[in-house]
Amino acid sequence: MTPTSADVPEEAKEAEQEPVIRVAVADDQAVVRMGLRALLDREPGLECVGEAADGAAALQLIRRTRPDVLLLDIRMPGMDGLATLRAIAGDRELSGTRIVVVTTFAVDEYIFAALQAGASGFLLKDSAPDELAGAVRVVAAGEALLSPAITRKVIGLFGRHGTEPVEGLDTLTPRERELVAWVATGRSNEEIAKELVISPDTVRTHVSRAMVKLHARDRAQLVVFAMRAGLAIPT
């Protein structure tokens with residue numbers, strides 16, 4: 001007898017409805033691309049839609065496949081990762097693709113430049129497989145993948161560069177400004193809520209409103225705006 005929809009467990013129905021996160025990989029080393037593809041393809045809910053060996057090929061791949069997330073190496077021959085980031089950020093048609101920089105170099109200059117260019121997060125190439133899968137899911141959901149250590153480096157770099165005007169900052173309420181400053185520490189909504197003794201939904205609401213007012217693409221860009229403006233947690 002052919003099973004009807006009523007015979008299918010609710011868990012299975014939910015699994016069938018869950019959208020697959022489509023991921024592209026750009027790295028000049030074939031063995032790295034192969035390893036990332038293998039890790040992605042064995043993870044439920046993730047699919048590798050293609051590979052590229054340099055930035056120019058990565059742009060062609062993104063335009064053809066429109067992935068949700070691009071895992072991008074910084075150092076590549078020809079068009080490198082930073083140039084690729086800037087090209088994607090400058091093309092409104094590609095705005096749906098979030099970018100995670102996957103690199104062996106946790107160097108200040110790369111972190112600073114990649115965040116400025118539009119990266120949503122960073123991942124070292126020696127990260128564990130579950131970290132890779134988790135990073136893809138976090139960034140696909142519109143969150144920033146910024147560890148506290150990386151956030152501290154970026155705060156220090158912006159401190160040396162001084163503050164800049166940020167369009168829309170004056171439209172934020174005092175509470176929104178405060179929560180944007182908390183976001184810039186690299187904490188999650190749940191961690192911020194615990195610090196302020198409010199609900200995560202309240203944090204999420206204020207942060208979302210601030211992102212709309214500042215035209216921030218995602219939380220990573222919100223962090224950049226907060227640091228440019230010199231926003232600090234009230235003491």
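The values are calculated or read from the model by the stated rules, or taken from the named source; none is laboratory data. Everything numeric in this text was worked out from a predicted model, so none of it was measured. Using ideal geometry, Cβ is built from the backbone for each residue, glycine included, and neighbour counts are taken over all protein chains shown. Accessible surface areas use protein heavy atoms only, side chains included; no ligands, DNA or RNA. Shrake-Rupley method; radii C 1.70, N 1.55, O 1.52, S 1.80 Å.
A count restricted to region 67-90 and to residues that are touching a Lys or Arg at 6+ places or on another chain (Cβ under 8 Å) and either touching a residue at least 60 places away in the same chain (Cβ under 8 Å) or farther than 19 Å from Leu145 by Cα (or both) stands at 2. Tell me which residues, restricted to region 178-206, are in a helix (DSSP H, G or I) and either surrounded by 20 or more Cβ atoms within 10 Å (Cβ to Cβ) or touching a Phe, Trp or Tyr at 6+ places or on another chain (Cβ under 8 Å) (or both). Leu179, Val180, Trp182, Val183, Asn189, Ile192, Glu195, Leu196, Val203, His206 - these are the residues of region 178-206 that are in a helix (DSSP H, G or I) and either surrounded by 20 or more Cβ atoms within 10 Å (Cβ to Cβ) or touching a Phe, Trp or Tyr at 6+ places or on another chain (Cβ under 8 Å) (or both). Only residues that are at pLDDT below 80 and open to solvent by less than 60 Å² (accessible area, probe 1.4 Å) were counted in region 64-107, giving 3. Taking region 208-235 as the range and being touching a helix residue (DSSP H, G or I) at 6+ places or on another chain (Cβ under 7 Å), part of a helix (DSSP H, G or I) and surrounded by 20 or more Cβ atoms within 10 Å (Cβ to Cβ) as the test, the residues that pass are Ala210, Met211, Leu214, Arg219, Ala220, Leu222, Val223, Val224, Phe225, Ala226, Met227, Ala229. Restricting attention to region 25-45, does a residue exist that is within 16 Å of the chain's Cα centre (by Cα) and either open to solvent by 20 Å² or more (accessible area, probe 1.4 Å) or within 24 Å of Tyr110 (Cβ to Cβ) (or both)? Yes - at least one qualifying residue is present in region 25-45. Scanning region 20-39 for residues that are part of a helix (DSSP H, G or I), under 19 Å from Ile74 (Cβ atoms) and in contact (Cβ under 8 Å) with a residue 40 or more places away in the chain returns Val32, Leu36.
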